[in-house]
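Here's the structure, in structure tokens; my notes come after.
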Amino acid sequence: MKLSENKIIYMCLGVVLIGIISLSFYSFEPENRKIKDLKEGDFVRITGHIQSMKLERDEYRHIKSIKYIKIMDDTGGDLRIYPSKKVMDSLVEYIKNYSPSIKEGDVVQVIGIIQVYNGIYIIHLDDISNFKLIEKKNFERDIYLSPTPTGIYASKNGKTYHTIKDCIYGKKIAEDNRIYFYSEEDAEELNYKKCKYCASKK
Ligand SMILES: [Zn+2]
């Protein structure tokens with residue numbers, strides 16, 4: 001039997017069409033799965049705790065955007081959730097609206113199609129309803145810089161904080177380059193060291 005070019009084209013289109021139809025049925029309902037059993041292309045619902053978050057913050061340490069959220073389940077497997085541009089603002093809002101905000105240790109659920117990149121499982125999130133908090137576990141408060149001047153300050157570009165207004169080193173920092181902390185504990189927790197001059201005066 002000799003196939004004409006047209007027949008071949010129609011057969012190809014038919015195969016593609018069947019593929020699309022079966023794929024849309026296939027991805028209708030996500031399957032609850034463990035991370036270590038995942039394969040590329042699986043459409044799944046994963047529950048795990050946040051192991052780390054790659055965030056971009058502004059000068060007051062408020063979250064500006066999220067590069068990815070890494071979650072881990074009880075099988076020890078991990079997976080990264082990459083938000084699309086479309087979902088970024090609503091995801092940042094969702095993360096910040098809890099008090100304290102959603103962070104490492106909290107249990108979350110994500111729905112999506114598994115992709116594998118360099119051996120890492122990835123879900124691209126482009127619908128906010130596919131990400132939700134299941135249980136708040138981490139109640140540590142957020143450390144923010146004070147938006148208004150306090151007596152505890154540092155240079156944006158340094159790692160030393162001052163507590164005396166007229167400190168011989170501190171007073172050289174231009175107003176535009178200053179950041180302010182609510183407390184010395186906050187400064188220490190953000191890895192700032194107390195100025196030796198300020199320390200010696202108290
Ligand atoms: Zn000082």
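Every number here is computed from the coordinates shown, using simple stated rules; none is lab data. All figures in this text were calculated on a predicted structure; none of them were measured in a lab. Using ideal geometry, Cβ is built from the backbone for each residue, glycine included, and neighbour counts are taken over all protein chains shown.
For the modelled label position 7 Å from the Cα of LYS36 along Cα-to-Cβ, which residues of the stretch 111-133 have backbone nitrogen atoms closer than 11 Å? Flagged as within label range: none. Using the beta-carbon distance between GLU140 and ALA199 and R0 = 30 Å, what value does 1/(1 + (r/R0)^6) give for FRET efficiency, to the nearest 0.05? For R0 = 30 Å, the calculated efficiency reads 0.65. Computed 3J(HN,Hα) for the stretch 6-16, one whole-Hz value per residue from the Karplus formula 6.51 cos²θ - 1.76 cosθ + 1.60 where θ = phi - 60°, is 4, 4, 4, 4, 4, 4, 4, 4, x, 4, 4, glycine and proline marked x. Legend: residue pairs LYS67/LYS159; LYS70/LYS137; LYS54/LYS103; LYS64/LYS171, Cα-Cα distance threshold 21 Å; pairs beyond threshold, LYS67/LYS159; LYS64/LYS171.
A simple rule links phi to the HN-Hα coupling: the Karplus curve 6.51 cos²θ - 1.76 cosθ + 1.60 with θ = phi - 60°, which for the stretch 170-185 gives x, 6, 7, 6, 5, 3, 5, 9, 8, 10, 10, 9, 6, 8, 5, 4 Hz, with x for Gly and Pro.
When a/c reaches 1.5 or more, the comparison of a/b and b/c decides; with that in mind, is the stretch 147-202 rounded, prolate or oblate per its Cα gyration tensor? Since a/c stays below 1.5, the shape of the stretch 147-202 is classed as rounded. By the Cβ rule of 4.7 Å, the chain holds the following cysteines without a possible disulfide partner: CYS12, CYS167.
Radius of gyration over Kirkwood radius for the stretch 42-90, both on Cα atoms: the Rg/Rh ratio is 1.04. Placing unit charges on the Cβ atoms only, positive for Lys and Arg and negative for Asp and Glu, gives the chain a dipole magnitude near 760 debye about its Cα centre. Scaled to the globular estimate 2.2 N^0.38 Å, the Cα spread of the chain, given as radius of gyration, is 1.53.
Considering only LYS172, LYS85, LYS159, the Gaussian network model of the chain with Cα springs below 10 Å gives its largest mean-square fluctuation to LYS172.
Packing-based ranking of 177-183, 96-102 yields 177-183, 96-102, ordered from highest to lowest mean Cβ neighbour count within 10 Å.
Here the residues HIS62, HIS162, ranked from fewest to most Cβ neighbours within 10 Å of their Cβ, fall in the order HIS62, HIS162. Mind running the shape call on the stretch 31-135? Use the C-alpha gyration tensor, a ≥ b ≥ c as the square roots of the eigenvalues: rounded below 1.5 for a/c, prolate if a/b tops b/c, oblate otherwise. Cα axes put the stretch 31-135 in the prolate bin.
Taking every DSSP helix (H) stretch of at least 4 residues in the chain, weighting each as -39,500 (n - 2.57) and dividing the sum by the residue count yields a mean residue ellipticity at 222 nm of -7000 deg cm²/dmol.
Using a 10 Å cut-off on Cβ atoms, rank the peptides 74-84, 113-123, 6-16 from the highest mean neighbour count down.
Packing proxy ranking, top to bottom: 74-84, 113-123, 6-16.
Residue order for GLU104, GLU29, fewest other beta carbons within 10 angstrom first, comes to GLU29, GLU104.
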